[in-house]
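A.B. asks: One structure, pasted below without further comment.
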Amino acid sequence: MTEKKMKEILFHALGDQELLLTLNDREIEKVMRFAAEHRVQYIVFKYLKKYCKNTSWFEEQMSQLIVDVFEYKKELSVISDILDRLKEKNIDVMGIKGIETCMYYKEPYDRIMSDIDILVQPEDMDDVTIILKEFGYCPLDNNHSYHIEFKHKEFIEIEVHTGLYNKNKRKRLGNFDKEVWDESSLIHNVFGEMKVMSLEKKIIYLCIHMTNHYIQNSFDLRQLMDLYYVLKSYLIEHDLSSILKYAEPYGLRKFLSAMIYIFWKYFKMPVSDDILSEMDYNETMIDDIVDDIFRVENFEGENRMRQYHKHLSYYSEVNKSHKTFRMLFPRSEDLNEAYEYGKRNTFMLILAWINRLFNIILARDISFKNKIGAFRNSEKYEHIAEFLELKKDSL
């Protein structure tokens, strides 16, 4: 199956557009594996079962799907009890990402979650930790500046956030964290009672989250679908020009504009000619962005080289040798979580640099040719970063 055919099938499935298909078992399995890597397999399974002429494969797989869904719901079953307990303690909880955006999907469980993300006030974190420990959760010591991960032997992982972004890297967001709480409302969904962001703030936050991922490597189809479904809901009572204007001061208008163009081109989202004309889109860049999304396969091996490309493109220095230097020896604030200790002092920063370089050199899942290529071929991602206005000094 060609990459073009794979894109056609997946975009039709995610946009729920009719496409009569004749696929053999091997081709169906390839599509489903790819969908699983992007965590959209339940949507794609239902779509293929509806439109694909080969029904025997689906009948054979249906029992396994039922088991998978049952196990998934079992992992999530504790969440409503946790939310009730937090409510008893008068702790404000805001659902973010999957636990809240799932309600915009046709069926909430179509939106697969690898963890549950909630936002709380910093002063409530100690009480939240105590409650989660009562439920058998163990906090991980990851030294992250604005969230803590909690693991459980039986239930889904929970990430408790006290902030939504790295304040050192997203200067234009201003008081976004405070604005989110000020404009929140209380809802009750399949998981329980929680606060949620306003639609406008939700769209901005999804863009923040996606651009964070894009700078590091890329976002997947599931994240793209979150934004698509929330935008569809927004368009029931608002127009696209309003949200594009709203995104401007946050430095996200160009990125959101590109995503809207992708939704118009591949998912048939209605977009007026006036909006399309003012988008200043670049077809080649859009195609490159889509190709990039489709190559996010488990963020391992060759895909890690894309992370190095993106990291180079994020910097705004014109001098290429300077950018290469920063690629090899990043500033302490630009080190990822694995090298968090490098932020303590100069000595620890040097140790982090050495450790990081050895990890790159010794990585067996990346060819030497591609390691070298990371320093020679960042121009493509630099052009995309400029097009989306994702350079360091733009954010």
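A.B. asks: Could you tell me whether residue 64 is of a type outside the set (A, V, I, L, M) and crowded, with 17+ Cβ neighbours inside 10 Å?
C.D. replies: No.
A.B. asks: Go through the residues of the stretch 73-81 one by one and say whether even a single one is among the β-branched types (Val, Ile, Thr) and surrounded by fewer than 12 Cβ atoms within 10 Å (Cβ to Cβ).
C.D. replies: Checked the stretch 73-81: no residue is among the β-branched types (Val, Ile, Thr) and surrounded by fewer than 12 Cβ atoms within 10 Å (Cβ to Cβ).
A.B. asks: For residue 147, which of the numbered conditions (1) more than 19 Å from residue 176 (Cα to Cα); (2) modelled with pLDDT under 95; (3) surrounded by 14 or more Cβ atoms within 10 Å (Cβ to Cβ); (4) touching a strand residue (DSSP E or B) at 6+ places or on another chain (Cβ under 6 Å) fails to hold?
C.D. replies: Single failed check for residue 147: (1).
A.B. asks: Contact list please: Cβ distance under 7 Å, first residue in the stretch 78-89 and over 13 Å from residue 154 (Cβ atoms) and modelled with pLDDT of 95 or more, second residue β-branched (Val, Ile, Thr) and assigned to a loop (DSSP other than H, G, I, E, B), pairs at least six apart or on different chains.
C.D. replies: From residues that are over 13 Å from residue 154 (Cβ atoms) and modelled with pLDDT of 95 or more, the pairs are 83/93; 86/93.
A.B. asks: Take the residues in the stretch 27-54 that are within 13 Å of residue 6 (Cβ to Cβ) and among the basic types (Lys, Arg); name whichever of them is surrounded by the most Cβ atoms within 10 Å (Cβ to Cβ).
C.D. replies: 30
A.B. asks: Quick check on my filter: what residues within the stretch 200-242 are touching a His at 6+ places or on another chain (Cβ under 8 Å) and not in a loop (DSSP other than H, G, I, E, B)?
C.D. replies: Those that are touching a His at 6+ places or on another chain (Cβ under 8 Å) and not in a loop (DSSP other than H, G, I, E, B): 215, 216, 221, 222, 223.
A.B. asks: Quick one: would you say residue 59 is out of contact with any Asp or Glu (no Cβ under 9 Å at 6 or more places or on another chain) and without any contact (Cβ under 8 Å) to a residue 12 or more places away in the chain?
C.D. replies: Yes: the conditions hold for residue 59.
A.B. asks: While we're here: Go through (1) under 24 Å from residue 340 (Cα atoms); (2) part of a helix (DSSP H, G or I); (3) under 21 Å from the mean Cα position of the chain (by Cα) for residue 125 and report which single condition fails.
C.D. replies: Unmet condition: (3).
A.B. asks: Given the conditions (1) touching a strand residue (DSSP E or B) at 6+ places or on another chain (Cβ under 7 Å); (2) within 30 Å of residue 259 (Cα to Cα); (3) of a type in the set (A, V, I, L, M, F, W, C), report the number of the one that residue 102 does not fulfil.
C.D. replies: Here residue 102 clears every test but (1).
A.B. asks: So which residues in the stretch 255-279 are without any contact (Cβ under 8 Å) to a residue 12 or more places away in the chain and at positive phi, if there are any at all?
C.D. replies: None; the set is empty.
A.B. asks: Also: Scan (1) modelled with pLDDT under 70; (2) assigned to a helix (DSSP H, G or I); (3) more than 19 Å from residue 214 (Cβ to Cβ) for the single condition residue 310 breaks and write down its number.
C.D. replies: Every condition holds for residue 310 apart from (3).
A.B. asks: Restricted to the stretch 150-180, and to residues that are of a type in the set (Phe, Trp, Tyr) and in a loop (DSSP other than H, G, I, E, B), which residue is modelled with the highest pLDDT?
C.D. replies: Of everything passing the filter in the stretch 150-180, 155 is modelled with the highest pLDDT.
A.B. asks: Let me ask something additional. Considering only residues that are surrounded by fewer than 13 Cβ atoms within 10 Å (Cβ to Cβ) and on the phi < 0 side of the Ramachandran plot, look in the stretch 280-290 and name the one that is nearest to the chain's Cα centre (by Cα).
C.D. replies: 287
A.B. asks: Looking at residue 6 and the list (1) within 27 Å of the chain's Cα centre (by Cα); (2) surrounded by fewer than 19 Cβ atoms within 10 Å (Cβ to Cβ); (3) free of Cβ contacts under 8 Å to residues at least 60 places away in the same chain, which single condition is not satisfied?
C.D. replies: (3)
A.B. asks: Could you go through the stretch 247-257 and let me know if any residue there is over 19 Å from the mean Cα position of the chain (by Cα), closer than 21 Å to residue 170 by Cβ and in a helix (DSSP H, G or I).
C.D. replies: The answer is yes; a qualifying residue exists.
A.B. asks: While we're looking at this one, here's another question. Select the helices (runs of 4 or more DSSP H) contained entirely in the stretch 1-86, then report the ones holding at least 1 residues which are hydroxyl-bearing (Ser, Thr, Tyr).
C.D. replies: Once the helices (runs of 4 or more DSSP H) in the stretch 1-86 are filtered for at least 1 residues that are hydroxyl-bearing (Ser, Thr, Tyr), what remains is 41-51, 56-76.
A.B. asks: A further question follows. Filter the stretch 344-395 down to residues that are part of a helix (DSSP H, G or I) and of a type in the set (Val, Ile, Thr) and give me whichever is modelled with the lowest pLDDT.
C.D. replies: 372
A.B. asks: Select from the stretch 112-162 the residues that are among the polar types (S, T, N, Q), in contact (Cβ under 8 Å) with a residue 40 or more places away in the chain and more than 21 Å from residue 222 (Cα to Cα) and list them in ascending order.
C.D. replies: Within the stretch 112-162, 121, 142, 143, 162 meet the criteria.
The values are calculated or read from the model by the stated rules, or taken from the named source; none is laboratory data. Since the structure is predicted, the reported quantities are computational estimates derived from the model, not experimental observations. Backbone-built Cβ (ideal geometry, glycine too); neighbour counts: all protein chains shown.
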